[in-house]
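Structure first, then comments.
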Amino acid sequence: MAARQPAAEAPPTPVATPMSATTPRAVRWGDLEDAASGLERPLLRQRGANTTSQMAVVGANVCPIESLDYEIVENDVYKQDWRSRGKIQVFHYQVMKWVLALLVGSIVGLVGFFNNIAVENIAGYKLLMTSNLMRQDRNLEAFLLYMACNVVLAASAAAICAYFAPAAAGSGIPEVKSYLNGVDAHSILAPSTLFVKIIGSIFGVSAGFVLGKEGPMVHTGACIASLLGQGGSRKYGLTWNWLRYFKNDLDRRDLITCGAAAGVTAAFRAPVGGVLFALEEATSWWRSALLWRTFSTTAVALMVLKSLIEYCRSGNCGLFGEGGLIMFDVSSRVTSYTAVDIIAVIILGVLGGLFGALFNHLLGRVLSKYGRINEKGVPYKILLTAFISIITSCCSFGLSSLSPCIPCPPYLPAGRCPTIGRSGNFKKFWCPAGQYNALASLFLNTNDDAIRNLFSGGTDSEFNVSTLLVFYTAIYSLALITYGVAVPSGLFIPVILSGATFGRLLGKIFGSANGLDTGLFALLGAASFLGGTMRMTVSVCVILLELTNDLLLLPLIMLVLLISKTVADIFNKGVYEQIVRMKGLPFLEVHGDACMRSLVAIDVVSGPVITLSSVERVGAVVSTLRRTGHNGFPVIEDEPFAPAPELCGLVLRSHLLVLLQGRIFTRTRVKTSAAEVFRKLKPFDFAKVGSAGKPLEVDDLGLTDEEMEMYVDLHPITNRSPYTVLENMSLVKAAVLFRDLGLRHMCVVPRTTGRPPVLGILTRHDFMPQYIRGLFQNVLRE
């Protein structure tokens with residue numbers, strides 16, 4: 001029997017393509033003219049034909065995206081798989097969850113250590129060569145060498161990213177956040193993305209860009225967890241059969257959450273902060289068992305890091321390599337705060353929220369411009385990166401050269417002021433003996449060392465107001481124009497650096513009116529900017545406490561974070577939420593959008609719904625798969641297997657292809673036993689292909705004309721208990737249910753008898769506010 005269609009011949013599946021943000025249009029499946037206009041175009045405008053449900057920007061590349069199957073497909077294959085497992089197999093499954101989680105922590109810790117050592121040595125030798133030339137009064141040569149090294153490193157990072165793994169560009173946190181929300185894209189967690197993320201991040205940070213490796217470490221941890229969770233990579237010939245239990249989205253999601261938390265730990269040496277970051281910012285689904293496993297992963301990552309740090313202290317990591325593992329020991333010096341101190345902190349929180357919201361707004365404008373440049377091709381991406389590198393080098397060297405020399409404090413020995421070489425609070429630059437250059441102490445350092453200099457206590461006279469004002473203006477501007485180039489780049493360090501400079505500047509302005517150290521003001525300024533841009537509170541607070549190793553700072557950090565976040569929320573959303581929206585990723589929020597409040601489920605159902613019979617003709621199944629791009633089809637039980645049509649369940653596209661490849665066909669329309677299916681196919685044949693693997697396609701089946709006229713029984717692979725909602729269910733409730741359960745498909749069924757057993761299927765696309773506002777022009781807006 002042919003697939004059920006409301007019309008005699010169904011039109012081809014329309015393609016949802018982005019469109020202008022100023023002209024909302026409806027997307028109705030089955031109406032080719034409306035479907036050609038498609039969804040609202042992401043702010044990062046990209047061109048390209050869509051082959052699935054929607055396009056989005058992943059990294060620096062536009063590509064099709066799909067939803068993930070977090071729902072357990074309870075079909076006969078799943079039941080047979082669990083029935084066939086003995087106690088040993090079940091124990092092995094539980095043990096492997098913990099083994100993989102601990103293994104992820106160990107590998108992420110190793111990668112984090114390697115990143116830090118590589119950056120310290122590459123940047124260290126670059127600055128050392130520059131300093132040696134300046135000691136010989138060869139200042140022009142020193143500048144040209146400094147700029148050439150930066151441009152070569154930056155162009156190399158952009159080239160490997162643009163040619164080999166465009167998904168590795170950016171911080172990766174929006175992509176990981178969307179993946180854990182249920183959005184998948186090709187190569188988002190692939191081995192090539194992992195490799196380019198590591199190498200590109202090292203080159204980008206070493207090139208002197210105002211960016212950090214902390215955001216990319218979150219993406220790196222997620223890639224490592226995905227690679228282990230899917231049993232390796234078949235594409236690169238790295239597969240492990242003993243990991244076959246985890247070839248499903250549900251287990252991968254838990255492991256990737258552990259990897260993201262371990263990435264934060266490897267970047268900041270903050271295990272508790274890593275767990276809270278995964279809970280507050282990254283994941284959309286949480287449970288107590290996952291909390292315990294994630295904490296164990298971060299603990300292992302921290303132990304690996306600390307062991308390697310002790311090894312490096314013996315001088316085994318090159319000339320450099322001890323400073324890059326971030327730990328800012330800031331002493332509060334006070335245990336009580338006066339009313340004046342609290343007022344100063346409140347002012348800092350308000351200003352941090354304002355500047356953080358302004359940063360998010362300006363960053364959106366910059367990214368939209370960069371999107372138009374990047375879409376012109378790979379050479380333009382590399383040229384843009386090299387151009388920003390030249391600007392950064394000119395600012396670092398040029399502004400330092402314009403800064404006046406300052407006499408060294410008399411209480412410091414000659415070895416500490418001025419310092420000659422890579423690091424130190426008092427950089428000599430080309431000042432005479434006994435004097436230092438304050439701006440060079442900040443610009444001609446790694447970003448981590450510059451933050452240490454700003455956080456250092458008891459150095460109130462080291463940086464004057466004009467120095468801090470120039471450095472803040474330059475760093476704030478460079479951070480805006482750097483993020484968005486085609487290199488792995490994080491926002492944590494630029495925001496911390498800008499906030500620390502602003503906080504220290506405000507501390508200098510307040511002067512003796514308060515009793516707080518300027519180094520403490522720098523820390524509170526970093527907290528206020530983090531709250532104003534990223535809108536995280538608990539995780540940022542704990543990360544900063546673990547960085548500074550001073551619990552006495554907790555009340556002030558909490559206060560400044562709450563104020564800055566509250567002020568910034570008045571103007572716009574957090575930076576990661578804003579980037580997710582700009583990239584066009586269909587992220588489902590915790591609460592339904594205002595446009596859903598007056599609608600019910602049936603209002604947004606797009607038709608015609610395509611169904612299959614429980615025992616279907618092979619040719620009809622193949623025709624449906626060729627003609628549509630849908631990933632799930634309702635299965636209808638009808639005569640002679642049921643007196644009236646009824647919903648049997650839901651079958652996935654990937655399972656249909658595996659069943660057809662097994663060629664379990666009959667010449668008449670009869671049921672086949674599940675045992676017959678399992679004689680030819682194993683449960684692991686239905687496991688999902690990894691993120692970098694090639695999925696099975698209809699054209700790969702090679703079915704003959706005789707086989708096309710035969711029948712196939714869909715009962716063994718049909719999910720008999722799909723999630724369904726009544727047609728009059730509130731759309732807001734349906735959206736919350738869809739998100740909390742991690743669904744990919746939700747069937748809409750009638751509330752009265754005598755109608756088709758299924759009225760449509762709700763997918764992630766149907767809950768997008770752009771789509772809903774395109775259907776209904778008069779819905780409520782936030």
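The values are calculated or read from the model by the stated rules, or taken from the named source; none is laboratory data. Here the structure is a predicted model, which is why all the values come from computation and not from measurement. When we count neighbours, we look across all protein chains shown, and the Cβ atoms used for this are built from the backbone with ideal geometry, even at glycine. Please note that ligands, DNA and RNA were not included when accessible areas were found on the heavy atoms of the full protein model with its side chains. Shrake-Rupley method; radii C 1.70, N 1.55, O 1.52, S 1.80 Å.
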Next on the checklist: If I compute solvent accessible area with a 1.4 Å probe over the protein chains, what percent of it on segment 635-782 is carbon and sulfur?
Outcome noted: 53 percent
Item to check | Linear extension gain, Ser84 paired with Glu639, 0.36 nm per residue minus alpha-carbon span | outcome: 196.5 nm
Next on the checklist: Once you place label points 7 Å from the Cα toward the Cβ at Ile509 and Lys376, how far apart are they in nm?
Outcome noted: 3.9 nm
Checklist entry - D for the chain, whole µm²/s, Stokes-Einstein with Kirkwood Rh over alpha-carbon pairs at 20 °C and 1.002 mPa s: what number? => result 76 µm²/s
Next on the checklist: In Å², and per residue, what accessible area does the chain have when probed at 1.4 Å with the other protein chains present?
Outcome noted: 39 Å²
Checklist entry - Between Ile343 and Ile72, what is the spin-label point distance in nm, taking each point 7 Å from the Cα along the Cα→C-beta axis? => result 6.0 nm
Checklist entry - Taking +1 at the Cβ of each Lys and Arg and -1 at the Cβ of each Asp and Glu, which of Val538, Ile390, Thr298 sits farthest along the dipole of the chain towards its positive end, judged by Cα position relative to the Cα centre? => result Ile390
Next on the checklist: Can you give me the angle between helix 465-482 and the longest principal axis of the chain, using Cα atoms only, in degrees from 0 to 90, rounded to the nearest 10?
Outcome noted: 20 degrees
Checklist entry - What order, most packed first, do the peptides 744-750, 725-731 have when packing is the mean number of other Cβ atoms within 10 Å of each residue? => result 744-750, 725-731
Checklist entry - Against the longest principal axis of the chain, how steep is helix 731-740, in degrees 0 to 90 to the nearest 10, with axes from Cα atoms? => result 70 degrees
Checklist outcome for this item: To the nearest 0.05, the calculated FRET efficiency linking Ser314 and His186 through their beta-carbon distance, R0 being 41 Å, is 0.40
Checklist entry - Going by alpha carbons, how many degrees (0 to 90, nearest 10) lie between the helix axis of 214-229 and the longest principal axis of the chain? => result 40 degrees
Item to check | Neighbour net charge for Phe587 - beta-carbon separation under 10 angstrom, K R +1, D E -1 | outcome: +3
Next on the checklist: Less than 11 Å from a label point 7 Å out along the Cα-to-Cβ axis of Trp430: which backbone N atoms in segment 121-139 qualify, by residue?
Outcome noted: 134-139
Item to check | Relative contact order [Cα under 8 Å, 6+ residues apart], the chain, whole percent | outcome: 19 percent
Item to check | Listed residue pairs exceeding 32 Å between alpha carbons, taken from Lys97/Lys213; Lys682/Lys733; Lys369/Lys733; Lys177/Lys694; Lys376/Lys688 | outcome: Lys682/Lys733; Lys369/Lys733; Lys376/Lys688
Item to check | Pair Leu562, Glu706: separation of 7 Å Cα→Cβ label points (nm) | outcome: 7.8 nm
Item to check | Sequence-separation-based contact order of segment 586-670, relative, with Cα cut under 8 Å and 6+ spacing, percent | outcome: 24 percent
Checklist entry - Just in segment 108-179: which trypsin sites (Lys or Arg not before Pro) are loop by DSSP and have at most 16 other Cβ atoms within 10 Å? => result Arg138
Checklist outcome for this item: For segment 609-718, listing trypsin sites (Lys or Arg not before Pro) in a DSSP loop whose Cβ sees at most 13 other Cβ atoms within 10 Å gives Arg667
Item to check | Equivalent ellipsoid dimensions for segment 424-546 as semi-axes, Å, which come from the Cα gyration tensor, largest first | outcome: 23, 19, 12
Next on the checklist: Counting each pair of different Cα atoms once, what's the Kirkwood radius of segment 586-664 in Å, rounded to one decimal?
Outcome noted: 15.1 Å
Item to check | Solvent-accessible area, 1.4 Å probe, carbon plus sulfur percent, for segment 446-568 | outcome: 70 percent
Checklist entry - Lys508: which lysines have alpha carbons under 29 Å from its alpha carbon, excluding same-chain residues fewer than 8 sequence positions away? => result Lys427, Lys428, Lys565
Checklist outcome for this item: Site Asp603, offset 7 angstrom along Cα→Cβ, radius 15 Å on amide nitrogen, limited to segment 729-751, gives 729-736
Checklist entry - Which one of Leu625, Ser614, Gly592 is farthest out on the positive end of the charge dipole of segment 583-641, using unit charges on Cβ (Lys, Arg +1; Asp, Glu -1) and the Cα centre as origin? => result Leu625
Next on the checklist: Expected output is a single nm value to one decimal: the length gained when fully extending between His591 and Cys394, i.e. 0.36 nm times separation in residues minus the C-alpha distance. What is it?
Outcome noted: 66.3 nm
Checklist entry - List the aspartates and glutamates whose alpha-carbon lies under 19 Å from that of Lys126, not counting same-chain residues fewer than 8 positions away? => result Asp137, Glu141, Glu322, Asp448, Asp449
Checklist outcome for this item: Highest mean packing first, using Cβ neighbours within 10 angstrom, the peptides 273-279, 769-775 sort as 273-279, 769-775
Next on the checklist: Could you tell me the calculated FRET efficiency between Lys573 and Val670, based on Cβ-Cβ distance and R0 = 41 angstrom, to the nearest 0.05?
Outcome noted: 0.15
Checklist entry - Suppose every K and R has +1 on its Cβ and every D and E has -1 on its Cβ; what is the size of the dipole of the chain about the Cα centre, in Debye to the nearest 20? => result 760 debye
Next on the checklist: Restricted to Cα positions, what overall size does segment 106-229 have along the principal axes? Three whole-Å values, descending.
Outcome noted: 58, 28, 19
Checklist entry - Among 586-598, 496-508, what's the highest-first ranking by average C-beta atoms within 10 angstrom per residue? => result 496-508, 586-598
Checklist outcome for this item: With all protein chains present, segment 121-218 has a carbon and sulfur share of its accessible area (1.4 Å probe) in percent of 69 percent
Checklist entry - In units of 2.2 N^0.38 Å, what is the alpha-carbon radius of gyration of segment 156-225? => result 1.02
Checklist entry - On the first, second and third principal axes, largest extent first, how far apart are the outermost C-alpha atoms of segment 697-782 in Å? => result 56, 32, 25
